[in-house]
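In what follows, a structure is listed as structure tokens, so that the remarks can point back to it.
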Amino acid sequence: EVLDGDTTAIVELTPLKENVAAQLSKIHLWVSEESWLPVQQKFFQPGGDYFIARYTQVRVNRRLPSSTFEIPAAKDAKRVKMG
């Protein structure tokens, strides 16, 4: 199938666990045949309703400033080492 000029392969995913299948019967995943990145997902509920997630303007290996990954803490926060 072609999405936005991109030829895609569609993969159907089905849950193996019953508790997951009770909420999500299957997922269709569109993968670009050029980049092998996902471009769209369609999540199906057992009753037939579905939700579509479409990925556009994806940028791969974009440089991000290190501040992107800094989590600001409150001034009175204390660092606790676990384990």
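The values are calculated or read from the model by the stated rules, or taken from the named source; none is laboratory data. Note that the coordinates shown come from a computational prediction; the quantities given were computed from them, not determined experimentally. Here the Cβ is made from the backbone with ideal geometry for all residues, glycine too, and neighbour counts use every protein chain on show.
Considering each residue of region 1-28, count those that are modelled with pLDDT of 95 or more and either in a helix (DSSP H, G or I) or β-branched (Val, Ile, Thr) (or both), and give that number.
10
Of the residues that sit in region 50-83 and are within 16 Å of the chain's Cα centre (by Cα) and either part of a loop (DSSP other than H, G, I, E, B) or acidic (Asp, Glu) (or both), which one is surrounded by the most Cβ atoms within 10 Å (Cβ to Cβ)?
Only one residue tops the list, namely Tyr55.
Could you check Val31 against (1) in a strand (DSSP E or B); (2) surrounded by fewer than 11 Cβ atoms within 10 Å (Cβ to Cβ); (3) of a type outside the set (S, T, N, Q) and say which number it fails?
With respect to (1) in a strand (DSSP E or B); (2) surrounded by fewer than 11 Cβ atoms within 10 Å (Cβ to Cβ); (3) of a type outside the set (S, T, N, Q), Val31 is out only on (2).
Return the pair list, or none, for Cβ contacts closer than 6 Å from residues in region 54-81 that are in contact (Cβ under 8 Å) with a residue 24 or more places away in the chain and more than 30 Å from Val31 (Cβ to Cβ) to residues that are hydroxyl-bearing (Ser, Thr, Tyr) and exposed (fewer than 10 other Cβ atoms within 10 Å of the Cβ), at least 6 apart or on different chains.
Within 6 Å, no pair qualifies.
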